[in-house]
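Just so it is clear, none of the values below were taken in a lab; they were calculated from the coordinates. Just so we're clear, the structure is a prediction, and the values are computed from it rather than from any experiment. Reconstructed Cβ throughout: ideal geometry from the backbone, glycine too, with neighbour counts over all protein chains shown.
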Amino acid sequence: MIDLKKLRDEYTEDITSVVDWCNEIYKDSFAQYFTEGRELFKRLQSKTHPITDEELTWILMDLPMNLFSVSEMLSNFKISQEVIKMRNRQREKSLIDASLETTMTKKQSEATDKSLEDKLLAIAYSTIIDRVSSEISFARELIMGAKKLWDSRRYTEKVHPVDEIDPLTPPQLPEYKPSYINNNTKGEK
């Protein structure tokens, strides 16, 4: 039987290197747009410190604007990925043409072997794009959840309106008339 743990351990350094690079690119380019949303999601789930209306406002107003910036950056990132894929194909073709192997299968195999690192870069870009797309979906769900909470709070205010109390203005109470006065006046009419 294959010892997968041992096999994985052989690749650990390469895996760690690629994961660290992907995390660095994500952090430098995209994380700033999602960090606050992730923190506010934790607040949304909190039972001890309910999310405030100001925080809901940020989710409903600022987060969608951040998504526009992310979409633009993601589009540029996708262009970069396509350029990498195109250059990989060009490089593979050049390697096939320059190969001294006798059969086309051997030439293609040699070209594939020599362009593995280039393909790994394309895969890394694809992974970052998937991660950002996932974060965009998460942010959209957060916005919809915040909207539902906002709407339910506004509905509760309409059902049970509470006005602000001004401590300097005395309350407007109706004049008190004891019931025995009302009974006597009824008989006089």
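With the condition kept exactly as written, say whether any residue in segment 14-34 is over 21 Å from residue 132 (Cβ atoms), in a helix (DSSP H, G or I) and without any contact (Cβ under 8 Å) to a residue 40 or more places away in the chain. Yes, segment 14-34 contains at least one residue that is over 21 Å from residue 132 (Cβ atoms), in a helix (DSSP H, G or I) and without any contact (Cβ under 8 Å) to a residue 40 or more places away in the chain.
To keep it simple, each residue is scored yes or no on (1) among the polar types (S, T, N, Q); (2) assigned to a helix (DSSP H, G or I); (3) in contact with a Gly (Cβ under 6 Å, 6 or more places away or on another chain).
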site	(1), (2), (3)
58	no, yes, no
61	no, yes, no
65	no, yes, no
75	yes, yes, no
100	no, no, no
105	yes, yes, no
111	no, yes, no
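When we screen 153, 131 for residues that are more than 18 Å from the chain's Cα centre (by Cα) and either in a helix (DSSP H, G or I) or surrounded by fewer than 16 Cβ atoms within 10 Å (Cβ to Cβ) (or both), the only hit is 153. For segment 35-51, the candidate set comprises residues that are β-branched (Val, Ile, Thr) and assigned to a loop (DSSP other than H, G, I, E, B); within that set, the residue that is nearest to residue 131 (Cα to Cα) is 51. If the condition is being of a type in the set (Val, Ile, Thr) and surrounded by 14 or more Cβ atoms within 10 Å (Cβ to Cβ), then segment 77-111 contributes 84, 96.
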